[in-house]
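Taking it in order: structure first as structure tokens, then the write-up.
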Amino acid sequence: MPTRRSPWMTDDLDQLRELARTFLRKESVPHHERWAAQRHVDRDLWTKAGEVGLLCLSVPEEYGGGGGTFAHEAVLLEEQARAGDTAWGNSVHSGIVAHYVLAYGTEQQKRRWLPKLASGEYVGAIAMSEPGAGSDLQNVTTRALRDGDEYVLTGSKTFITNGAQADLVVVVAKTDPAQGAAGMSLLVVETGHAPGFRRGRVLDKVGLKGQDTAELFFDDVRVPADNLLGGAEGQGFAQLMRQLPQERLIIAVASVAGIEAAVDLTVDYVKQRTAFGRELIKFQNTRFKLAECATEARVTRAFVDECVEAHLAGRLDVPTAAMAKWWATDRLCAVVDECVQLFGGYGYMTEYPIARAWADARVQKIYGGTNEIMKEIIARSL
């Protein structure tokens, strides 16, 4: 099936795609099994990516970034998906953490932190979820209470991507617990200068085995008041709401690329594998199932491309981003499941990329706000 060229692609992005593909082929693909065993990527992957300019692609050059747009981040996301790389948490680092600093940081904060994120000297994480608060961000219990020129940060976070390696963590906390969502703020913790900060275990997940996902603990951590993102308390919930559409679009972009990669893997397999004296592709059921999967991929790609174009133009709204997130992740899980079935028993063996893709896909419907929350957001807009 001819590959559809996204309407937002340019010659510059084609060159970036080649760079990303070459980098991932050399620095990621050979290490997938080892990363899965150790539950994190190698730390020097970050600095290598920084050296070739693949970190913070959409951060202005004046802050050490690539000076590109979300389209540049999307190309790298797609190439990661096609390389089968679900371990490297750059989408959180570059597409989310760096943009909180860029959007809300003071000039001093941006010049202090963004170049370190862009070079890979710092690895970024954002700490939202807690043991008792996942999609319901208003229910966080982590506290950051002002004490002179510092905040005393107390609480715990879980399911934190890049948590075990993070040097910079954007922490969602209540600076005024009595005010509910209006009392929420974002504090930046530099983990190398934070006595009382502890990392818990790297979590053992069903999928995303190579991705560093950890528990974080803040035991009366003293954070300079200058590390408050936005310069005033109580802005955290609004800051989160404004950034979540990009986070959800990131998930959608990776998901549709994952659908396309799964279809490609399966087409190659059924053309080579034989049963009852002929290739699997010659069975009508195989052809019909793949026709359905290819159509799912094309339809999802068209919608996600429309959302990317809207985001590049500053027009992506919250309900549409929610639609993209739930639809793309739901279709990813459905298509990969069909593809596993066509692989037969081999589809259940972790040595096969399709098996790993199947296990990795399931969480996409959960993080970034569960798909049930996405439907609630959409319903409220009707």
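Just for the stretch 90-133: of the residues that are aliphatic (A, V, I, L, M), at pLDDT 95 or above and farther than 14 Å from Val188 by Cβ, which one is surrounded by the most Cβ atoms within 10 Å (Cβ to Cβ)? Talk me through it step by step, then tell me what you get.
Within the stretch 90-133, the first condition is being aliphatic (A, V, I, L, M), and the residues that meet it are 92, 96-98, 101-103, 114, 117-118, 123, 125-128, 133.
When the remaining residues are screened for being at pLDDT 95 or above, the result is 92, 96-98, 101-103, 114, 117-118, 123, 125-127.
Narrowing further to those that are farther than 14 Å from Val188 by Cβ: 92, 118.
Details: Val92: 22, Ala118: 25.
It comes out as Ala118.
Out of the residues in the stretch 144-155 that are on the phi < 0 side of the Ramachandran plot and surrounded by 18 or more Cβ atoms within 10 Å (Cβ to Cβ), state the one that is farthest from the chain's Cα centre (by Cα). Let's see the steps before the verdict.
Here is the first cut: in the stretch 144-155, the ones on the phi < 0 side of the Ramachandran plot are 144-147, 149-154.
Among the residues that remain, those that are also surrounded by 18 or more Cβ atoms within 10 Å (Cβ to Cβ) are: 144, 151, 153.
Working: Ala144: 26, Tyr151: 29, Leu153: 26 Å.
Across the stretch 144-155, the extreme among qualifying residues is Tyr151.
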> For Leu24, all conditions in the list (1) in a helix (DSSP H, G or I); (2) in contact with a strand residue (DSSP E or B) (Cβ under 8 Å, 6 or more places away or on another chain) hold save one; what is the number of the exception?
Replying inline: (2)
> Any residue at all in the stretch 41-53 that is closer than 18 Å to Leu117 by Cα, aliphatic (A, V, I, L, M) and open to solvent by 60 Å² or more (accessible area, probe 1.4 Å)?
Replying inline: yes
> Checking Ala310 against (1) at pLDDT below 95; (2) open to solvent by less than 60 Å² (accessible area, probe 1.4 Å); (3) not charged (D, E, K, R), which test does it fail?
Replying inline: (1)
> Only one of (1) buried (at least 24 other Cβ atoms within 10 Å of the Cβ); (2) free of Cβ contacts under 8 Å to residues at least 40 places away in the same chain; (3) of a type outside the set (S, T, N, Q) fails for Val169. Which number is that?
Replying inline: (2)
> What pairs come up if the first residue lies in the stretch 106-118 and is part of a helix (DSSP H, G or I), the second is open to solvent by 30 Å² or more (accessible area, probe 1.4 Å) and not aliphatic (A, V, I, L, M), and their beta carbons are under 6 Å apart, counting only those six or more places apart or on different chains?
Replying inline: Leu114/Gly64; Pro115/Gly64; Ala118/Gly64
> When both residues are 6+ apart or on different chains and their Cβ atoms are under 7 Å apart, which pairs have a first residue that lies in the stretch 311-331 and is outside any helix (DSSP H, G or I), and a second that is surrounded by fewer than 20 Cβ atoms within 10 Å (Cβ to Cβ)?
Replying inline: Leu316/Ala310
> All but one of (1) open to solvent by less than 60 Å² (accessible area, probe 1.4 Å); (2) in contact with a Phe, Trp or Tyr (Cβ under 9 Å, 6 or more places away or on another chain); (3) assigned to a helix (DSSP H, G or I); (4) under 30 Å from Val206 (Cα atoms) hold for Ala87; which doesn't?
Replying inline: (3)
>> Filter the stretch 353-377 down to the residues that are open to solvent by less than 60 Å² (accessible area, probe 1.4 Å) and either charged (D, E, K, R) or not in a helix (DSSP H, G or I) (or both) and list them by number.
In response: Asp360, Lys365, Gly368, Gly369, Thr370
>> Could you list, ordered by first residue, the pairs with Cβ atoms under 9 Å in which the first is in the stretch 20-32 and closer than 11 Å to Gly84 by Cα and the second is assigned to a helix (DSSP H, G or I) and open to solvent by 40 Å² or more (accessible area, probe 1.4 Å), at least 6 apart or interchain?
In response: Leu24/Arg82; His32/Pro353; His32/Arg356
> Among the residues of the stretch 268-294, which ones are assigned to a helix (DSSP H, G or I), hydrophobic (A, V, I, L, M, F, W, C) and free of Cβ contacts under 8 Å to residues at least 60 places away in the same chain?
Replying inline: Ile281, Phe288, Leu290, Ala291, Cys293
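Any idea which of Arg380, Arg331 is of a type in the set (Lys, Arg), farther than 17 Å from Glu247 by Cα and open to solvent by 70 Å² or more (accessible area, probe 1.4 Å)? Don't jump to the end; show me each part of the working.
Values: Arg331 fails: open to solvent by 70 Å² or more (accessible area, probe 1.4 Å).
From the options Arg380, Arg331, the qualifying one is Arg380.
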> Do you know which residues across the stretch 353-376 are of a type outside the set (D, E, K, R), in contact with a helix residue (DSSP H, G or I) (Cβ under 7 Å, 6 or more places away or on another chain) and modelled with pLDDT of 95 or more?
Replying inline: Pro353, Ile354, Ala355, Ala357, Trp358, Ala361, Gln364, Asn371, Met374
>> Can you find, within the stretch 141-166, the residue that is modelled with the lowest pLDDT among those that are hydroxyl-bearing (Ser, Thr, Tyr) and touching a Gly at 6+ places or on another chain (Cβ under 9 Å)?
In response: Thr141
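Considering only residues that are touching a residue at least 60 places away in the same chain (Cβ under 8 Å), assigned to a helix (DSSP H, G or I) and hydrophobic (A, V, I, L, M, F, W, C), which ones fall in the stretch 46-77? Before you say what the answer is, go through the steps one by one.
Narrowing the stretch 46-77 to residues touching a residue at least 60 places away in the same chain (Cβ under 8 Å): 46-51, 55-56, 69-71, 73-77.
The next check asks that each one be assigned to a helix (DSSP H, G or I); those that pass are 46-51, 70-71, 73-77.
Matches in the stretch 46-77: Trp46, Ala49, Phe70, Ala71, Ala74, Val75, Leu76, Leu77.
The values are calculated or read from the model by the stated rules, or taken from the named source; none is laboratory data. This structure is a prediction, so every number in the text was calculated from the model and none was measured. Cβ sites come from the backbone with ideal geometry, for glycine too, and all protein chains shown count toward neighbours. Side chains included, ligands, DNA and RNA excluded: accessible areas come from the protein's heavy atoms. Shrake-Rupley method; radii C 1.70, N 1.55, O 1.52, S 1.80 Å.
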